[in-house]
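Below: one structure, written as structure tokens.
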Amino acid sequence: MIDSEDRQRIERVNLFAGVSLESVEHLFEHCYRLDLERGQHLLEAGAANSNLYLILDGELRVYLSDRNLPPHAVFGAGDCVGEMSLLDGQTASALVLAARETRLLAVPRDALWSLVDCSHGVARNLLAILSGRMRDTSQALVAAQSQSLEFEQATSVDALTGIHNRRWALEAFPRAIARCDHDHDPLCLIIADIDLFKHFNERFGHLAGDAVLRRMARRLADGLRPQDLIARYGGEEFLILLPHATVDEALPIAERLRELVAIGSGLQAGQGVTLSCGVAQMFRGETLEELLSRVDAALQRAKEDGRDRVEIAG
């Protein structure tokens, strides 16, 4: 039974904005009022729904999954819920519950279509409500995608240097190796390590060491070809993958990187650092682990032979 107080609330519902209730109130006899207690469920995900619910008073919250997470949407007096599942004939896609005592007007499917047939204003308002829901969904998808990309970037980028990190390298490098192996293209790996970096940190401090790492990463990245891949492998070590490069092509690149660092990576006079590199060309069918083992051995020879030099794996 709809009383005069409910009628005043119905006049403020968005579905009837700009609509004279006298023209449609005869259809309210097919509708009924529904009162919910706080926490009571109105719709369950996966359950059938045959009503459009107009919120006369109170508050409904929509949860797409775990109700312990923040709600997807919050609706108050004047809003409606249930329109999507009602119109497309599918089950409800979310949990809808009362956040506090809530009074609703339930409009069955047949009554809703009669309202649409009877009033162009109701039809127009229903379209506006549907378009608003679609816009909100699109914005939510964009926000979710943005958050996903931010998370993906956060997990694949080294926070200090701004280049890719070890985790990314261990995922991206094997794919590049597999492509070159499949196409019978050469590929080389360089491992670059700052010489005596521990002593540098002890002498000048970790803030100075961090500044050197940032500058080093930028110089190394700027000295590469567009197709090359670089990552901070850990500490003061950097991995550089050179697709489509033979060892004869990789050696000048490594030497150029070493010279770039020797010329300009120091912060001020007396704080210069040097770089040692190991270079290895991929064997046919070789894995990243095997290639890393050989290039690391070349790096150790460069360290043992005086540092600030490039050594090629045997």
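The values are calculated or read from the model by the stated rules, or taken from the named source; none is laboratory data. Just so it is clear, the model here is predicted, and its values are computed rather than measured. Ideal geometry is used to build each Cβ from the backbone, glycine not excepted, and the neighbour counts take in all protein chains shown.
List of remarks:
- Here Leu43 meets each of (1) out of contact with any helix residue (DSSP H, G or I) (no Cβ under 9 Å at 6 or more places or on another chain); (2) surrounded by 14 or more Cβ atoms within 10 Å (Cβ to Cβ); (3) under 16 Å from Leu104 (Cβ atoms) with one exception, condition (1).
- Inspection of segment 293-306 identifies at least one residue that is within 35 Å of the chain's Cα centre (by Cα) and either without any contact (Cβ under 8 Å) to a residue 24 or more places away in the chain or buried (at least 21 other Cβ atoms within 10 Å of the Cβ) (or both).
- Within the set Asp185, Asp210, the sole residue that is within 28 Å of the chain's Cα centre (by Cα), of a type in the set (D, E, K, R) and either modelled with pLDDT of 90 or more or not in a helix (DSSP H, G or I) (or both) turns out to be Asp210.
- Exclusive hit being touching a helix residue (DSSP H, G or I) at 6+ places or on another chain (Cβ under 9 Å) and at pLDDT 95 or above, set Val273, Val279, Val295: Val279
- Test: Ala92 is out of contact with any Pro (no Cβ under 9 Å at 6 or more places or on another chain), under 24 Å from Met134 (Cβ atoms) and of a type in the set (A, V, I, L, M, F, W, C): yes
- Residue pairs meeting the criteria (Cβ under 8 Å; at least 6 apart or on separate chains; first touching a residue at least 24 places away in the same chain (Cβ under 8 Å) and among the basic types (Lys, Arg), in segment 198-220; second surrounded by 14 or more Cβ atoms within 10 Å (Cβ to Cβ) and part of a helix (DSSP H, G or I)): Arg219/Leu257; Arg219/Leu260; Arg219/Val261
- Residue check, Leu42 touching a Cys at 6+ places or on another chain (Cβ under 7 Å) and at pLDDT 90 or above: no
- Matching residues, segment 9-40, being touching a Leu at 6+ places or on another chain (Cβ under 9 Å) and in a helix (DSSP H, G or I): Arg9, Ile10, Glu11, Asn14, Leu15, Phe16, Leu27, Phe28
- Selection within segment 16-37 - farther than 16 Å from Arg103 by Cα and buried (at least 16 other Cβ atoms within 10 Å of the Cβ): Phe16, Val19, Val24, Leu27
- Filtered residues of segment 50-107 (kept if among the β-branched types (Val, Ile, Thr) and part of a strand (DSSP E or B)): Ile55, Val62, Val74, Val81, Val96, Thr102, Val107
- Residue, farthest from Leu115 (Cα to Cα), within segment 10-67, restricted to residues that are within 39 Å of the chain's Cα centre (by Cα) and aromatic (Phe, Trp, Tyr): Tyr63
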